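Coordinate-derived values only; no laboratory data. Fair warning: this is a prediction, and the values are worked out from it, not measured in the lab. Using ideal geometry, Cβ is built from the backbone for each residue, glycine included, and neighbour counts are taken over all protein chains shown.
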């Protein structure tokens with residue numbers, strides 16, 4: 001997604017995917033827009049991965065859990081500056097894109113924005129495993145922070161019974177230590193014995 005420059009705006013906002021955690025998977029376009037940016041905003045982990053690409057930039061970092069505040073800060077800066085906010089993987093897949101765009105809409109701002117795609121953890125892992133996602137597949141998050149666990153269970157049961165590969169995102173956190181175990185239990189009773197899986 002991209003929007004052309006507004007005559008009322010001096011700034012631009014790039015929402016950039018940094019890939020699955022290996023600096024070698026960052027796209028050349030992602031590095032290009034970061035190079036054009038005055039400010040780079042993001043979680044410390046993703047910023048550390050960028051290394052020399054941040055040289056000469058104003059860096060605004062924060063810890064996990066500050067997604068809305070990061071989005072708000074990047075939008076405010078982008079009123080008058082060229083800003084990149086980084087997101088792991090692809091910013092549109094459980095990433096920062098929707099949060100940033102929602103913040104922009106809630107503030108009634110019309111800032112030029114471009115979502116710069118990144119390599120997802122799903123496709124990066126699949127490449128190492130022999131490309132099991134070469135046909136239809138499903139991606140499900142196990143985070144019940146915004147989605148009730150009952151809804152997640154229904155989705156898991158539906159896609160697992162469909163016989164297509166399933167990728168699980170957000171498998172665990174300090175607050176969600178049992179969701180992955182529960183999801184694997186559902187898979188065990190739904191899938192044929194011997195179905196391959198990888199962690």
Helix 149-161 vs. the chain, principal-axis angle (Cα, 0 to 90°, nearest 10): 60 degrees
Ellipticity estimate at 222 nm from DSSP helix runs (n ≥ 4, -39,500 (n - 2.57)) divided over the chain, nearest 500: -10500 deg cm²/dmol
Tensor-based shape of the chain (alpha-carbon gyration tensor, a/c under 1.5 rounded, otherwise prolate or oblate): prolate
The stretch 63-77 and the stretch 147-199: distance between their alpha carbon centers, rounded to Å: 30 Å
Angle between the chain longest axis and helix 67-77 axis [Cα atoms, degrees, rounded to 10]: 20 degrees
Mean Cβ count within 10 Å, highest first, over the residues of peptides 28-41, 149-162: 28-41, 149-162
Net lengthening on full extension, residue 164/residue 147 (0.36 nm per residue, minus Cα-Cα): 3.9 nm
Selected from 11, 130, 88 as most flexible by GNM, with the chain as the system and alpha-carbon contacts under 10 Å: 130
Pairwise label distance in nanometres, residue 198 with residue 59, each label 7 Å out on the Cα-Cβ vector: 3.1 nm
Neighbour-count ranking [beta-carbon atoms within 10 angstrom, fewest first] of 85, 99, 26: 99, 26, 85
Of every Cα-Cα pair in the stretch 12-119, the percent that sits beyond 20 Å: 27 percent
Label point distance in nm, residue 52-residue 29, each placed 7 Å from Cα along Cα→Cβ: 2.4 nm
Cα gyration tensor category, rounded, prolate or oblate, for the stretch 135-190 with a/c compared to 1.5: prolate
Value of relative contact order over the stretch 40-109, rounded to a whole percent, pairs C-alpha under 8 Å and six or more apart: 36 percent
On Cα atoms only, tilt of 97-107 relative to the major axis of the chain in degrees: 50 degrees
